[in-house]
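The structure under discussion appears below in the form of structure tokens.
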Amino acid sequence: MLRFENLGDLINPDLDPDKIAIIDLGTGRAREFTYRQMETLATGVARALSARKLARGDRVAILSANRAEFIATMFGIMRAGFVAVPVNFKFPRETIDFIIRDSNAKLVFCDPERRGDCPPDLPAVEFGNEFDAFVRKGPFTTIVPQPHEPAMFLYTSGSTGVPKGVVLSHQSHLWVVKTRLNADLARHRYLIAAPLYHMNALALSQLATAAHATIVLLPQFTATAYIDAIERYRCTWLTAVPPMIAMMLREGERLKRADLSSVEFVRMGSAPVSEALMAALKHALPKAAVTNAYGTTEGGPVVFGPHPKGLPQPELSVGYPHPDVQVRLIDEAGRPAAEGVLEMKAPSVMNGYHNRPDLPSPIKPDGFYVTGDVFRRDDNGFFTFIGRTDDMFVSGGENIYPSDVERMLERHPDIAQA
């Protein structure tokens with residue numbers, strides 16, 4: 001059970017400090033970091049940032065591909081009472097600049113490839129020799145956050161305008177970790193290739209750290225590197241968005257030669273899962289338990305889970321509502337329904353959007369967050385994701401979602417996947 005109050009303080013000092021925490025595959029060679037080393041780096045970052053006389057609550061950005069220092073720096077920023085802002089490095093430079101300035105970051109950590117994308121008028125620390133010199137080793141007393149005190153800003157993709165900074169508190173994501181944590185997780189090797197600036201990978205890195213498990217970390221996803229990492233490092237737990245799995249499954253010849261028998265669990269989320277993809281994945285990994293999960297940046301990754309009566313989950317369903325999460329479906333007329341927009345209430349829901357008084361709050365007065373995602377609920381209480389409200393179109397008086405069209409297309413014998 002977690003005893004900590006700060007989201008940056010997830011490393012358990014009572015467990016083996018010399019266990020491998022991260023196998024980092026991002027610098028052309030595998031680098032292994034023990035929990036002792038990760039603790040030293042996180043504390044060293046916290047000490048160094050505190051010495052810069054930043055004010056509590058100041059934001060510190062990270063602009064980097066996945067690497068061990070990214071995770072340690074996130075922990076260090078939060079331990080010191082500052083707010084971590086991981087930035088999508090795939091955005092155009094002007095969008096990166098917008099995010100860093102919108103968050104009012106006082107400092108940017110970056111990898112060498114992204115140094116040129118950092119605002120020239122802000123101090124930056126480059127991972128590598130500069131970072132090693134920046135870290136100040138020694139003891140540090142972790143800041144105890146106030147209720148609802150921000151731990152991180154995660155910026156959404158900005159598909160409907162400029163990216164929005166989602167403000168997430170320490171308590172919200174400590175609840176996520178505590179809710180998902182169990183004693184069995186420590187034995188696993190988690191393969192993380194999705195970017196750490198997204199909730200999918202970031203939340204899993206926090207869970208794996210709290211569980212004292214081992215993370216195998218790719219800098220970013222490529223199908224062949226993903227397959228190679230599973231085989232070489234005997235990964236047991238995969239987390240990915242469906243397009244990543246689809247690209248892996250297209251590597252037919254490589255998959256035939258690969259020994260992927262170590263995989264026990266696959267958790268897919270962040271996008272709809274098709275019947276064809278689910279079938280192909282189960283054929284490639286017949287021993288693995290596959291979970292179709294759902295979560296949002298604003299609401300967190302814990303919304304659904306197993307049925308309380310042990311009923312088998314339909315393949316395309318995201319599960320039954322978690323006992324600590326309240327959910328409801330609201331139709332176009334604003335009434336409760338078996339199909340409608342999901343509204344949820346949970347300890348993981350965001351504080352709000354940073355610096356966006358122009359936007360109406362998606363959180364209702366009764367605390368329910370309006371996701372904008374449409375679901376159907378079946379007779380057993382299982383929920384299935386249908387689509388986004390802004391993806392829906394009307395044909396012949398019927399509401400149609402892209403996922404409905406894709407499922408229809410996949411019934412054709414000559415279409416493998418839509």
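The values are calculated or read from the model by the stated rules, or taken from the named source; none is laboratory data. Please read these numbers as outputs of a predicted model, since none were measured by experiment. With ideal geometry, Cβ positions are generated from the backbone for all residues, glycine too; neighbour counts draw on all protein chains shown. To get the accessible areas, we keep the full protein, side chains included, count just its heavy atoms, and leave off ligands, DNA and RNA. Shrake-Rupley method; radii C 1.70, N 1.55, O 1.52, S 1.80 Å.
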Helix 223-233: inclination vs the chain longest Cα principal axis, degrees, rounded to 10, gives 70
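Apply the a/c threshold of 1.5 to the C-alpha gyration tensor of region 221-303 and tell me whether it is rounded, prolate or oblate.
Prolate.
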Once amide H atoms are placed 1.01 Å from N in the peptide plane, what residues at a sequence separation of 5 or more from ALA21, or on another chain, have their amide H within under 5 Å of its amide H? PHE33, THR34, TYR35
Hey, got the dipole for region 81-218? About the Cα centre, +1 on K and R Cβ, -1 on D and E Cβ, debye to the nearest 20? 440
Just to confirm a number: summing +1 for Lys and Arg and -1 for Asp and Glu over residues other than VAL162 whose beta-carbon lies under 15 angstrom from that of VAL162, what do you get? 0
Placing unit charges on C-beta atoms (Lys and Arg positive, Asp and Glu negative, everything else neutral), compute the dipole magnitude of the chain about its Cα centre in debye, rounded to 20. 1040
Using Cα springs under 10 Å in a Gaussian network model of the chain, which residue among LYS53, LYS137, LYS282 shows the largest mean-square fluctuation? LYS53
Among 289-296, 203-210, how do they line up by average Cβ neighbours within 10 Å per residue, starting with the highest? 203-210, 289-296
Net charge (Lys, Arg +1; Asp, Glu -1) of residues whose beta-carbon lies under 14 Å from that of ARG59, ARG59 excluded, is +1
Taking just the C-alpha trace of region 123-210, give me its Rg and Dmax in Å. 16.1, 45
Paired Rg and Dmax values of region 75-187, which use every Cα atom, in angstrom: 16.2, 47
Considering only protein heavy atoms and a 1.4 Å probe, what is the carbon-and-sulfur percentage of the accessible area of region 1-160? 49
Derived scalar couplings ³J(HN,Hα) [region 356-368; Karplus, 6.51 cos²θ - 1.76 cosθ + 1.60; whole Hz; x for Gly, Pro]: 10, x, 6, 9, x, 5, x, 9, 6, x, 8, x, 7
Taking the 0 to 90 degree range and rounding to the nearest ten, how far is the long axis of helix 170-180 tilted relative to the main principal axis of the chain, both from C-alpha atoms? 60
Solvent-accessible area, 1.4 Å probe, carbon plus sulfur percent, for region 253-395: 52
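In this model, which of LYS19/LYS256; LYS90/LYS164; LYS53/LYS164; LYS256/LYS287; LYS106/LYS164 are farther than 21 Å apart at the alpha-carbon?
In this structure, LYS19/LYS256; LYS53/LYS164 lie more than 21 Å apart at Cα.
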Residue by residue through region 127-144, what is 3J(HN,Hα) from phi via Karplus (6.51 cos²θ - 1.76 cosθ + 1.60, θ = phi - 60°)? Round to whole Hz and write x for glycine and proline. 4, x, 4, 5, 5, 4, 6, 5, 4, 10, 6, x, x, 8, 9, 5, 5, 8
Largest first and to the nearest Å, give the Cα extent of region 1-79 along each principal axis. 37, 33, 19
Selection from PHE109, LEU285, SER262 lying farthest towards where the dipole of the chain points positive, charges on Cβ: PHE109
Specify the angular offset, from 0 to 90 degrees and rounded to the nearest 10, of the alpha carbon long axis of helix 275-284 from the longest principal axis of the alpha carbons in the chain. 60
CD proxy at 222 nm, helix term only [per DSSP H run n ≥ 4: -39500 (n - 2.57); per residue of the chain; nearest 500]: -8000 deg cm²/dmol
The chain - accessible surface per residue (Å², probe 1.4 Å): 44
Once you sort the root eigenvalues of the Cα gyration tensor of region 287-399 as a ≥ b ≥ c, which label holds: rounded (a/c under 1.5), prolate (a/b larger than b/c) or oblate (the other case)? oblate
